[in-house]
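Take a look at the structure below.
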Amino acid sequence: MTHASTLARPSTTTKPDPAGQDRSRSVPAAGMAAALGLFLAARLLGVAALATATRTSTGRGPFGLLGLSWDSLWYLGIAAHGYAPTPHLRPGVYSDLAFFPLYPALVRAVYGLTPLGGGAAGLLVSWTAAAVAACGIYAVGARLHGRAVAVALVLLWGLLPHSVVLSMAYTEPLLTAFAAWSLYAVLTGRWLWAGALAALAGLSRPNGLAVAAAVLAAAAYEMGRCLRERRGVSHRLWTGALLAPAGWAAYVLWVGHRTGDLLGGYFRVQRLWGSRFDLGAGALTFVRHLLLQGDRLVFPMTMMIVAAAVVLFALLIADRAPLPLLVYSGVLLLIVLGGSGYFESKPRFLLPAFPLLLPLARALVRTARARPRHATVVVGALAGLSFGYGAYLVVLAHMPL
């Protein structure tokens, strides 16, 4: 494990553990408050930029835009009325069964227990989840590279071009919260927690399956090591591995039961929304269109963000990141690259892939130590891009995020 004091020269004297486990059980709490404070400041400034844009461009207030836009309306409808009693799976008709159940269930609980309306309840759930996610991201970063890198990792996550979504009534904050703490549980050998949190991630979003894949990969590696060393495999390890995919599988099978096609019903629902896994054929066709004819700002930005994610994944591999982080990020990236559908939504689908930012966080810390002014300029530029582009996406783009 590389500590903050040795960032510029990682240790090569010990053999890395692909599963990334460290039997020390201490929680890296030092610096978490600072990381959370920076994250909250970044998001509050982002909301302030959005509020400024709404005063000149639209009659809606910022909180209406954040809480009642696009997918938020579907989730709030499910929270208020449940899923449609009879699914209509035919061309041209969208089904609410495409939306996973945990977020609307939490929203329903909040506005059932408080005087908040649906939009405000949705924002409360999302903002709370975003804060929990920031703490989990800090915990993972500090476990692997020390306090300074962990703080930088949280800050970079809060300043991504699409980080405005973390302030909206969307499900990405919830998925990231469960994912971050599940990965931390894997890194510290807490298999029951890892599996349970992965199961909840699988109930949050379709790409929550990436968390289960990470837990299963790490568990398989650990089981193999136990067998090689002629040690027994803990029942906690088996149980955690079995729990990990349970949430995602349960919802997919439930949708299949509702639609009369146990194994294929959910995927039929997704196809009616235009979403399918076609190994990237649809995305490549659209990229060709962009290169030859151009389009609105959102689309070339999407292309650049996805390309940057591919480069960052290669750097994560080169840095020999722990196996669960590689599998988690790799599956999220594979879903984005191989899936068709709403091209402009791909950066949002990558928001939970925070391990991709680890190489950047380490580089930012090295820069801050050697050239503090340069690091300040970099952070300022990222903040300007995040706040300005986020306001554009929500207020001016008039298209799904």
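The values are calculated or read from the model by the stated rules, or taken from the named source; none is laboratory data. Model, not experiment: these values are computed from the prediction. Heads up, the Cβs are rebuilt from the backbone with ideal geometry, glycines too, and the neighbour counts pull from every protein chain shown.
Regarding segment 388-401, can at least one residue be identified that is buried (at least 18 other Cβ atoms within 10 Å of the Cβ) and touching a Phe, Trp or Tyr at 6+ places or on another chain (Cβ under 8 Å)?
Scanning segment 388-401, I find at least one residue that is buried (at least 18 other Cβ atoms within 10 Å of the Cβ) and touching a Phe, Trp or Tyr at 6+ places or on another chain (Cβ under 8 Å), so the answer is yes.
Inside segment 244-273, can you point out the residues that are in contact with a Phe, Trp or Tyr (Cβ under 7 Å, 6 or more places away or on another chain) and either at pLDDT 95 or above or not aliphatic (A, V, I, L, M) (or both)?
Matches in segment 244-273: TYR251, VAL252, VAL255, GLY256, TRP273.
Do you know which of the residues in segment 146-195 that are of a type in the set (S, T, N, Q) and in a loop (DSSP other than H, G, I, E, B) is surrounded by the most Cβ atoms within 10 Å (Cβ to Cβ)?
Ranking the candidates gives THR171 first.
Among the residues of segment 342-365, is any in contact with a strand residue (DSSP E or B) (Cβ under 7 Å, 6 or more places away or on another chain), at pLDDT below 95, farther than 22 Å from ALA131 by Cα and not hydroxyl-bearing (Ser, Thr, Tyr)?
No, there is no match, as no residue in segment 342-365 is in contact with a strand residue (DSSP E or B) (Cβ under 7 Å, 6 or more places away or on another chain), at pLDDT below 95, farther than 22 Å from ALA131 by Cα and not hydroxyl-bearing (Ser, Thr, Tyr).
Filter segment 268-313 for residues that are polar (S, T, N, Q) and touching a Lys or Arg at 6+ places or on another chain (Cβ under 8 Å); which is nearest to LEU89 (Cα to Cα)?
It comes out as GLN270.
Pick from segment 370-401 the residues that are touching a residue at least 12 places away in the same chain (Cβ under 8 Å) and not hydrophobic (A, V, I, L, M, F, W, C): which of them is farthest from LEU44 (Cα to Cα)?
Among those that are touching a residue at least 12 places away in the same chain (Cβ under 8 Å) and not hydrophobic (A, V, I, L, M, F, W, C), it is PRO400.
Check off (1) at pLDDT 95 or above; (2) surrounded by fewer than 24 Cβ atoms within 10 Å (Cβ to Cβ) for GLY141 and give me the number that stays unchecked.
Failed condition: (2).
Among the residues of segment 252-261, is there at least one that is surrounded by fewer than 14 Cβ atoms within 10 Å (Cβ to Cβ), farther than 30 Å from VAL394 by Cα and among the small types (Gly, Ala, Ser)?
Checked against the condition, which is being surrounded by fewer than 14 Cβ atoms within 10 Å (Cβ to Cβ), farther than 30 Å from VAL394 by Cα and among the small types (Gly, Ala, Ser), segment 252-261 yields at least one hit.
Within segment 356-383, track down each residue that is over 18 Å from LEU312 (Cα atoms), more than 25 Å from the chain's Cα centre (by Cα) and not hydroxyl-bearing (Ser, Thr, Tyr).
Across segment 356-383, the qualifying residues are ALA368, ARG369, ALA370, ARG371, PRO372, ARG373, HIS374, ALA375, VAL377.
Can THR128 be described as part of a helix (DSSP H, G or I) and surrounded by fewer than 24 Cβ atoms within 10 Å (Cβ to Cβ)?
Considered against the rule, which asks whether it is part of a helix (DSSP H, G or I) and surrounded by fewer than 24 Cβ atoms within 10 Å (Cβ to Cβ), THR128 comes out as yes.
Which of the residues spanning segment 196-211 are part of a helix (DSSP H, G or I) and within 16 Å of the chain's Cα centre (by Cα)?
LEU197, ALA198, ALA199, LEU200, ALA201, GLY202, PRO206, ASN207, GLY208, LEU209, ALA210, VAL211
Taking only pairs six or more apart or across chains, which ones have beta-carbon atoms under 7 Å, a first residue in segment 287-307 that is touching a residue at least 40 places away in the same chain (Cβ under 8 Å) and under 27 Å from LEU356 (Cα atoms), and a second residue that is of a type in the set (Gly, Ala, Ser) and crowded, with 17+ Cβ neighbours inside 10 Å?
As it stands, the answer is none, since no pair meets every condition given.
Find the helices (runs of 4 or more DSSP H) located wholly in segment 1-102 whose residues include 3 or more that are at pLDDT below 90 and surrounded by fewer than 17 Cβ atoms within 10 Å (Cβ to Cβ), and list them.
The helices (runs of 4 or more DSSP H) meeting that bar are 32-57.
Examine segment 297-317 for a residue that is part of a loop (DSSP other than H, G, I, E, B) and over 19 Å from the mean Cα position of the chain (by Cα), and state whether such a residue exists.
Yes: segment 297-317 contains one or more residues that are part of a loop (DSSP other than H, G, I, E, B) and over 19 Å from the mean Cα position of the chain (by Cα).
Quick one: which residue in LEU351, LEU334 is without any contact (Cβ under 8 Å) to a residue 40 or more places away in the chain and closer than 25 Å to LEU209 by Cα?
LEU334
Surrounded by fewer than 20 Cβ atoms within 10 Å (Cβ to Cβ) and over 25 Å from THR259 (Cα atoms): does that describe GLY118?
Judged against the criteria, GLY118 is not a match.
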